[in-house]
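Here the structure is laid out as C-alpha cells; the discussion comes afterwards.
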Amino acid sequence: MRTWDHERLAAAAGAEVLRAPQGAAGDGPGPHGVSIDSRTLAPGELFVGLRGEHGDGGAHVADALAAGAWGALVAPGSAPARDDVPPGATLLVHADPLAALGRLAREWRRELGAHGAHVVAITGSTGKTSTKDILAALVGKSLRTAATPANLNTEIGLPLAVLAAPAGTECLVLELAMRGAGQIAELTAIAEPDVGVIVNVGDAHLELLGSREAIAAAKAELIAGLDARATAVVPAHEPLLRPHLRAEVRTIYFGGREPAASGDGADVWLLAREPDGLVRIAVDAGAGTVELRPSFSQAHNVGNLLAAVAVARALGLHPGGELNVEFSPGRGQRLELADGIAVIDDCYNANPMSMRAAIDELSRAPARRRVAVLGDMLELGEEGPALHREIGAHAGAAGVDVLIAVGGLAAELGERFDGELHTAPDARAAATIAAELVAPGDTVLVKGSRGVGLERVVERLAQSPAVAGGGRR
C-alpha cells in the first residue's frame, strides 16, 4: 500500500478522512503495513482500532500515533480531536473498523491480482496449516510467494495476512479458519481466491454444527464463493462435498493411489514412496508425473502434498526436486533430545481425524516405548466422550505403550486403552508426569486441543534435567 495516498486508502476502506497530512506530506507514500496493536506497531504502519469483547482498540490511538503510526482508522467515538493528531498523520473513521479492515484487504488483494498475483485459499478440518506450509514451499520454487503467517486465519487475521503481502507477490497462499456457518463465506469474499482448496472434512466443530454433513456444507462455502473462472481442489473420496461442487467451476480431485475413474477417482494421486524419500505423484489422469524429495515423511503430510501438487498444476506449474518445508510451530515437529528421546510436538490443536493420523505416525516411529500425551479434543458436542473412547482404542491397537490422558474429556481415552495409563487434570500436571516417566529411547507424541495448553509438556520435556539425563528407569 505504499503507493496509496490517504484518499486512495480511505476509498478502499470505505472510510471518511477526518484529518489528512498537511502540506507536502499530503502527497507522501501510504503505509507499509497494518497493525491492530499499538504495543507492537512499527513506525509507518496504519493502526486500526478494533472493538472487542474486552475493550476498544481505538482507545489506544494516541499511543499508536505517538509510536509513529502512518495514521489511524477508528470508530467515530474513538477518534481523537483533530488538533491531537500529528501534522503528518492521517485519521480515518468508519462505523465498523473490522468491516473497513476487510474492505481494505480485499482492495489490496485486487491490486495484487491486477499485477498478476494468484490467490489460493485453503480450509479443512485438519491439516490446513501444514498444507499451506507445503504449498508455499512448493510454489515458492517458481513464484514470489507470500503466505498466512502463524495462525492469521480468522475474520481479523485473514485481512492482516492479505495486507502483509508485499507488492510484487506472485502467489498469495491463505488459510481460512471456521468456527460456524457463514464464516468461510465471509473470508472467501475478502480473499477472492483463484484456487480454493478443501483438504478434508472431519469431526471438528461438531458441537457448533451438529453433523459432518453440516461441517461439509460450511467448508463448501469456499466453493460457493469462487468465481466461475476459479478452480476448486477437493479430496477425491469425500462424498459429502459432491453436492456442493459447481459444474461451471473447474474441479481437481486429489488423494489415494488411483486415477479418476467413473467420476469418483483422483486427478492427482500417489504412485509410490521410495525408501530414499522420493515421492512420485501422478497428475492429470496419467499425463505426467511429479517427482519430489520432501523434507518430511509423515503419511498425512504426504497426503497434504498431493493437495499442494494439485494446486501447483492448477497454476500451470510442474514442480520437482528437493522440497524443504518449515512447518508452523506445534504441527508435528520432531525434537531430538538426549539419550535417544524424541518428542513429536503436535500440540497446536486436535480433532479425531488429526489425532488418529498423529497416533499412526507415532506407531511407525522407531522407539523403545511409544508414549502418547493426549489432551481433550474440544468442540465435539454430545459425541465427545464416545469419540475420545474411540481414540483410546485406536491408540491401543496402534501399539502405544504409555498413555497420559490430560483433561476431563481425555479421561475417556482410558476406557478402551489397554496399555499403561496415567491421567492428569491439566497440562501442568501432565508435564510433571511425563518428565518422570520418559526414559532413554522413548518417542513421545504430545497432542490436544489448543485450549489444553500442552506446549507446557513439550517445554518441560525439552528442559527437564531428568529427561535429558534419561528419566526414571
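All of the numbers you see were taken from the coordinates with simple rules; none came from a lab. It should be emphasised that the depicted structure is a prediction, and the values quoted were computed from it without experimental measurement. In this analysis, Cβ positions are derived from the backbone assuming ideal geometry, glycine residues included, and neighbour counts consider all displayed protein chains.
Contact order, relative form, for the range 6-95: 32 percent (alpha carbon pairs under 8 Å, 6 or more residues apart, mean separation divided by residue count).
The reciprocal of the average 1/r between distinct C-alpha atoms defines the Kirkwood hydrodynamic radius, which for the range 202-347 equals 17.1 Å.
Remark: the range 333-468 carries a charge dipole of roughly 260 debye about the Cα centre, counting +1 on each Lys and Arg Cβ and -1 on each Asp and Glu Cβ. A straight line joining the Cα centroids of the range 111-162 and the range 45-91 runs 29 Å. Working note: Karplus 6.51/-1.76/1.60 with θ = phi - 60° gives the range 368-373 the couplings 5, 9, 9, 10, 10, 9 Hz, where Gly and Pro are set to x. Where does helix 97-114 land angle-wise versus the long Cα axis of the chain, in degrees 0 to 90, nearest 10? It is inclined by approximately 90 degrees. For the range 101-323, the normalised intensity computed at q = 0.09, 0.12, 0.17 Å⁻¹ comes to -0.32, -0.58, -1.20 (log10 of I(q)/I(0), Debye sum over alpha carbons, equal scatterers, no solvent). DSSP finds beta bridges in the range 333-468, and of those with both partners inside it, around 15 percent are antiparallel. Averaging the sequence gap over all C-alpha pairs within less than 8 Å and six or more residues apart, then dividing by the number of residues, gives the range 66-164 a relative contact order of 24 percent.
By how many degrees, between 0 and 90 and to the nearest 10, does the Cα long axis of helix 384-397 differ from the longest principal axis of the chain? Helix 384-397 and the main axis of the chain meet at about 50 degrees. Eigenvalues of the alpha-carbon gyration tensor of the range 6-95, scaled by 5 and square-rooted, set the equivalent ellipsoid semi-axes at 19, 14, 12 angstrom, largest first. By DSSP, the beta bridges lying fully in the chain are antiparallel in about 25 percent of cases.
Anything over 22 Å Cα to Cα? Flag those among K132/K219; K128/K219; K141/K447, in the order listed. Exceeds cut-off: K141/K447.
If you take the alpha carbon atoms of the range 167-267 and fit the smallest convex hull around them, that volume is 107 Å³ per residue. Look at the alpha carbon pairs under 8 Å that are at least 6 residues apart: their mean separation over the length of the range 360-455 gives a relative contact order of 39 percent.
When each of L245, L206 is scored by the number of other beta-carbon atoms lying within 10 Å, the sequence from fewest to most is L245, L206. A cut-off of 5 Å between modelled amide H atoms, ignoring neighbours fewer than 5 places along the same chain, links D346 with G332, V446.
Shown for the range 326-389 is the translational diffusion coefficient from the Stokes-Einstein equation, using the Kirkwood radius over Cα pairs, a temperature of 4 °C and a viscosity of 1.567 mPa s: 99 µm²/s.
Extents of the chain, taken as max minus min of Cα coordinates on every principal axis and listed largest first, are 74, 54, 41 Å. Once the convex hull of all Cα atoms in the range 333-468 is built, its volume per residue stands at 81 Å³. Taking Cα atoms only, the orientation of helix 427-437 departs from the longest principal axis of the chain by about 40 degrees.
When the chain is described by a simple charge dipole with +1 on each Lys and Arg Cβ and -1 on each Asp and Glu Cβ, the residue from G180, V93, P352 located farthest towards its positive end is P352. Across the range 350-366, coupling constants 3J(HN,Hα) worked out from phi with the 6.51/-1.76/1.60 Karplus curve, θ = phi - 60°, read 7, 8, x, 5, 6, 5, 4, 4, 5, 5, 4, 5, 4, 5, 8, 6, x Hz, and Gly and Pro carry x. Scanning residues 5 or more positions from G407 or on other chains, those with amide H under 5 Å from its amide H are A424, D426, with H placed 1.01 Å from N in the peptide plane.
Secondary-structure-derived ellipticity at 222 nm for the chain, considering helices only, amounts to -9000 deg cm²/dmol, per-run term -39500 (n - 2.57) for DSSP H runs with n ≥ 4.
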